[in-house]
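See structure below.
The values are calculated or read from the model by the stated rules, or taken from the named source; none is laboratory data. Here the structure is a predicted model, which is why all the values come from computation and not from measurement. Please note: Cβ atoms are built from the backbone with ideal geometry, for glycine as well, and neighbour counts cover all protein chains shown.
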Amino acid sequence: MTLLITLWVLFFVSHSLLAANSVKAIAERWMGKCYRFYRLGFNLLSIIFLAGIFYLLFFRQQANYIFLSSAWSKAVAVLLLLTGGIISVLAFRSYDLQEFTGIKQLVEKIHRPSILVVTGLNAYVRNPLYFGLILFVLGFFLWQPTQMNLVSLLIIYAYIYIGVKLEERKLLEEFGEEYRLYQSRVRMLIPFLF
């Protein structure tokens, strides 16, 4: 359990730190022309941490169940897993996946300004990827309600809230009043609620 918590914390701290504009500015000065590899490296580091976490959750987890799953909890779990997965896939369609992964930065020499996406799922919730993740993680926990999965759920939910606050601060810096108006119209994490 300690290793799992450590990997989650390392993943989230490195993710937040490396995504910070101040850290990216330092990296850009230090790396020079190689900075175009930054986003790709950022994603590869994230994949390494997540691979370790998934290994622990899927192959090294002890069956310390908090409660026994029923047919109803399994049905709800499947519904949440599917809904969260579909929302995440639909949310990704609003973004440039080549830019998200870091591939575009490798081939393009000119950095183009970002565009605030307020259509698609972003018209209902400001962070649809996180909303999909909230549903998916809850579904995974209900499917296999173990202590490790509960700890993972709590850590992920805490990070989502912190990560959204950090991300929104960056978006306010980048888009200013345009983002402030968007915030006033659209909920942060859960459509129509929160």
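Take the stretch 51-80 and flag every residue that is aliphatic (A, V, I, L, M) and loosely packed, with under 14 Cβ neighbours inside 10 Å. Selection gives Ala51, Ala63, Ile66, Leu68, Ala71, Ala75, Val78, Leu79. Counting only residues that are loosely packed, with under 13 Cβ neighbours inside 10 Å and more than 16 Å from Val117 (Cβ to Cβ), which one in the stretch 182-192 is farthest from the chain's Cα centre (by Cα)? If we take residues in the stretch 182-192 being loosely packed, with under 13 Cβ neighbours inside 10 Å and more than 16 Å from Val117 (Cβ to Cβ), then Ser184 is farthest from the chain's Cα centre (by Cα). Among the residues of this structure, Leu129 does not count as one that is within 16 Å of the chain's Cα centre (by Cα), modelled with pLDDT of 90 or more, under 30 Å from Leu56 (Cα atoms) and not in a helix (DSSP H, G or I). Every condition in (1) closer than 19 Å to Phe54 by Cβ; (2) surrounded by 18 or more Cβ atoms within 10 Å (Cβ to Cβ) is met by Gly85 except one, and the failing one is (2). So in the stretch 89-120, with the set limited to residues that are touching a Leu at 6+ places or on another chain (Cβ under 6 Å) and closer than 22 Å to His15 by Cβ, which one is modelled with the lowest pLDDT? Among them, the one singled out is Gly102. If the condition is being of a type outside the set (Phe, Trp, Tyr) and either part of a loop (DSSP other than H, G, I, E, B) or buried (at least 17 other Cβ atoms within 10 Å of the Cβ) (or both), then the stretch 147-163 contributes Met148, Asn149, Ser152, Leu153, Ile155, Ile156, Ile160, Gly163.
Ile115 fails exactly one of the following numbered conditions: (1) part of a loop (DSSP other than H, G, I, E, B); (2) farther than 24 Å from Gly176 by Cα. What is the number of that condition? Against the list (1) part of a loop (DSSP other than H, G, I, E, B); (2) farther than 24 Å from Gly176 by Cα, Ile115 comes up short only on (2). Among the residues of the stretch 30-79, just one is free of Cβ contacts under 8 Å to residues at least 60 places away in the same chain, charged (D, E, K, R) and assigned to a helix (DSSP H, G or I), namely Lys33.
Output yes when any residue across the stretch 169-181 is within 17 Å of Tyr124 (Cβ to Cβ), loosely packed, with under 15 Cβ neighbours inside 10 Å and modelled with pLDDT of 95 or more, and no when none is. Among the residues of the stretch 169-181, at least one is within 17 Å of Tyr124 (Cβ to Cβ), loosely packed, with under 15 Cβ neighbours inside 10 Å and modelled with pLDDT of 95 or more, which makes the answer yes.
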